[in-house]
Every structure is written in C-alpha cells, then in structure tokens.
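Notes for the one structure printed next.
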Amino acid sequence: MAHILSLAAGSLPEYQPADVARAAGRADFSHVGFTIEPDRWSAQSLRDTRAAIAAHDLSVLDVEVVWIGEGGKLTDDHRLVVDAGLELGAANMLVVSAEPDQDRTADALRQLCEWAAPGNIRVALEFLMITAVQSMTDALAVLRKTDHPAAALLIDTIHFQRAGHRSEELEDLEASLLPYTQICDGNADCTASFETYLEDAVDLRSCPGEGELPVADIIKALPPDIPLSLEVRSKAYRDRFSDATDRATALRRASLAYLTQNGIALS
C-alpha cells in the first residue's frame, strides 16, 4: 500500500489558496491543502481557487484552521471555513482548541462535524503545545466525548515529538481515527515555553530527513496508506525560495528522497 503526498498550506503561509494550488500543481503534487482566512476569503477567492484546482487536476486534502476559542463558542467565521471546505471538496478540516474544558471543546467539535456532514468531511483535532489540547491523550479524550463518526485525530510529527510521545503509542490506534497526518522534521528538543513552541512551529521546521525527528518511524507506525500532508513552516525555506512554485518543488524533491530511502511508498 502507498501514501499520497499533499502540499500543506503551511508550507506557503504567505500565499493565498489559488496561488498555493498553482504551486502544488506545477510542483507535481496530486493533493493540496488550504488556509482559509475569513477576512480575506470571498466569492472571487472561491472562483480563483476552484479554477486553479481544476487546471492542475488536484484533490483537496484539507482546509484549515478552525480555532475553537476560549468558551467554546462557534461563530460565523468558523462556519465560513467549513463552508469553504464544502465548496472546495475538501476531505478533511483541521481544528485546534484554546478551550481548556474538554466538554465544551467536544460540543464545538460535534457541531463542526454536523456542519461538515454534507461533504463527508472528517473533522480532525490537532494537539500542540500552544493550545489547550496539548497531547494525544488529551485529544483522544475530547474525541471520546465528541462521539461523532466524523471526528478524527490529526498527528503532526513535530507536535507529536513535543508532546513527548513515541511511535509505539500509535500502533494500537484505530485506523478510522486517522484520516491523514502532517509531516515535517525539526530539532530534537524545544525549550518549554509558549514563545519557543510557537517559533518552533512556524519558523523552525525542515523537510523530512533534514532534522532530528523520527519521521519515518512515526509514518511506519500509522496506517500504511494514510495521506501525508507536507507542512514545512520554515523561515529558512521562505528566505531561500520566495517563489511559491520553487519552494513547493524543493520541498517535494527533498521529501521524496527521504521517503524513498526509508522504504515509504508513494502513489
């Protein structure tokens, strides 16, 4: 069985969705993800993005990010991200939560699942150290409380490492909980503070094989055909490759080499 490799929106954070789609297509990705910013998303954005998707025969792996704020209340902005995912045919939607009460987070996640139901979108909760859901244990507890078939777990290799998890912990997870995963490399360790975790997540990632994380071990512990979303939020890559297509091409080339060397098959 083989994985698909998708270009995550986070690899091109300064570009709008249509530009990300064009870069993904020109770099020979088959799948792509988009960040939907409510204050910048419009009917024209939708038309442009759809046109770029069609021109390059892309599939949309995910849209992001739905931030559940403190209090757990959903707003029109949250609904807009869901609607954009429906309009673009996204398979998944990425969600994070700043609400420390698991029941309130679960209530919001359940509502997102209901909104996403017409498109059969999986609603994937990501855990990371700069949110209220900081570990896989926390995320799984929220998913149990959500109790909805569309609710899912998102593993990002760098956040998995920062939470202190090991690849062996993934082996007993139900495959149905894992519709896709985000991959990148990075430093083995990170100082335990909000500021350094944030910098680590948005500036210091690298391509698989360029850092010190056990990326291949994590992938091999996941379902054998799980889609891989390549999220390399990297200041170094942004500085080196200001052109979106050049960056996407460099990221894909480096990642393919690493995955191939580690016996990870791609479709």
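The values are calculated or read from the model by the stated rules, or taken from the named source; none is laboratory data. Not measured: the values here are computed from a predicted model. Cβ atoms come from the backbone with ideal geometry, glycine included; neighbour counts cover every protein chain shown.
Name the residues in the stretch 36-64 that are buried (at least 22 other Cβ atoms within 10 Å of the Cβ), without any contact (Cβ under 8 Å) to a residue 60 or more places away in the chain and either closer than 17 Å to VAL96 by Cβ or of a type in the set (Phe, Trp, Tyr) (or both), would you?
Of everything in the stretch 36-64, those that are buried (at least 22 other Cβ atoms within 10 Å of the Cβ), without any contact (Cβ under 8 Å) to a residue 60 or more places away in the chain and either closer than 17 Å to VAL96 by Cβ or of a type in the set (Phe, Trp, Tyr) (or both) turn out to be ILE36, VAL63, GLU64.
Could you check, for the stretch 35-47, whether at least one of its residues is part of a strand (DSSP E or B), of a type outside the set (Val, Ile, Thr) and under 19 Å from the mean Cα position of the chain (by Cα)?
Start the filter on the stretch 35-47 by keeping residues that are part of a strand (DSSP E or B), which leaves 35.
The next check asks that each one be of a type outside the set (Val, Ile, Thr); those that pass are none.
The answer is no, given that none of the residues of the stretch 35-47 is part of a strand (DSSP E or B), of a type outside the set (Val, Ile, Thr) and under 19 Å from the mean Cα position of the chain (by Cα).
Can you name every residue in the stretch 155-174 that is among the charged types (D, E, K, R) and farther than 20 Å from TYR197 by Cβ?
GLU168, GLU169, GLU171, ASP172, GLU174
Out of the stretch 139-164, which residues are surrounded by fewer than 19 Cβ atoms within 10 Å (Cβ to Cβ), over 26 Å from GLY89 (Cβ atoms) and more than 18 Å from the chain's Cα centre (by Cα)?
Scanning the stretch 139-164 gives ALA141, ARG144, LYS145, ASP147, GLY164.
For THR137, which of the numbered conditions (1) outside any strand (DSSP E or B); (2) in contact (Cβ under 8 Å) with a residue 24 or more places away in the chain fails to hold?
(2)
Hey, does the stretch 95-109 have a residue that's crowded, with 22+ Cβ neighbours inside 10 Å and in contact (Cβ under 8 Å) with a residue 60 or more places away in the chain?
No, because not a single residue in the stretch 95-109 is crowded, with 22+ Cβ neighbours inside 10 Å and in contact (Cβ under 8 Å) with a residue 60 or more places away in the chain.
Against the definition (in contact with a Leu (Cβ under 7 Å, 6 or more places away or on another chain), modelled with pLDDT of 95 or more, within 24 Å of ASP200 (Cα to Cα) and of a type outside the set (Ser, Thr, Tyr)), how does ALA132 come out, yes or no?
Values: in contact with a Leu (Cβ under 7 Å, 6 or more places away or on another chain): no; modelled with pLDDT of 95 or more: yes; within 24 Å of ASP200 (Cα to Cα): yes; of a type outside the set (Ser, Thr, Tyr): yes.
So ALA132 fails the test.
Which numbered condition in (1) in contact with a strand residue (DSSP E or B) (Cβ under 7 Å, 6 or more places away or on another chain); (2) over 26 Å from LYS220 (Cα atoms) is the only one that ALA9 fails?
The number of the failed condition is (2).
So which of PRO13, PRO100 is over 21 Å from PRO208 (Cα atoms), part of a loop (DSSP other than H, G, I, E, B) and not polar (S, T, N, Q)?
Details: PRO13 fails: over 21 Å from PRO208 (Cα atoms).
Every option except PRO100 fails the conditions.
Looking only at residues that are of a type in the set (A, V, I, L, M) and surrounded by fewer than 19 Cβ atoms within 10 Å (Cβ to Cβ) in the stretch 177-203, which one is nearest to LEU259 (Cα to Cα)? Explain how you work it out, then say what you get.
Of the stretch 177-203, the ones of a type in the set (A, V, I, L, M) are 177-178, 183, 188, 192, 198, 201-202.
When the remaining residues are screened for being surrounded by fewer than 19 Cβ atoms within 10 Å (Cβ to Cβ), the result is 177, 188, 192, 198, 202.
On the way: LEU177: 23, ALA188: 19, ALA192: 30, LEU198: 27, VAL202: 23 Å.
Here the residue is ALA188.
If you take just the helices (runs of 4 or more DSSP H) that sit entirely in the stretch 177-257, which of them hold at least 2 residues that are more than 20 Å from VAL60 (Cβ to Cβ) and either in contact with a Phe, Trp or Tyr (Cβ under 7 Å, 6 or more places away or on another chain) or hydroxyl-bearing (Ser, Thr, Tyr) (or both)? Break it down stepwise before answering.
Details: elements: 194-202, 215-221, 235-240.
In the stretch 177-257, the matching helices (runs of 4 or more DSSP H) lie at 194-202.
Surrounded by fewer than 20 Cβ atoms within 10 Å (Cβ to Cβ), hydrophobic (A, V, I, L, M, F, W, C), in contact (Cβ under 8 Å) with a residue 12 or more places away in the chain and over 14 Å from ASP156 (Cα atoms): does that describe LEU256? First the steps, then the outcome.
Working: surrounded by fewer than 20 Cβ atoms within 10 Å (Cβ to Cβ): yes; hydrophobic (A, V, I, L, M, F, W, C): yes; in contact (Cβ under 8 Å) with a residue 12 or more places away in the chain: yes; over 14 Å from ASP156 (Cα atoms): yes.
Here the answer is yes, as LEU256 does meet what is asked.
Based on what the data block shows, is LEU173 in contact with a strand residue (DSSP E or B) (Cβ under 6 Å, 6 or more places away or on another chain), part of a loop (DSSP other than H, G, I, E, B) and closer than 18 Å to PHE127 by Cα?
Numbers: in contact with a strand residue (DSSP E or B) (Cβ under 6 Å, 6 or more places away or on another chain): no; part of a loop (DSSP other than H, G, I, E, B): yes; closer than 18 Å to PHE127 by Cα: yes.
Taking the combined requirement at face value, the residue does not satisfy it.
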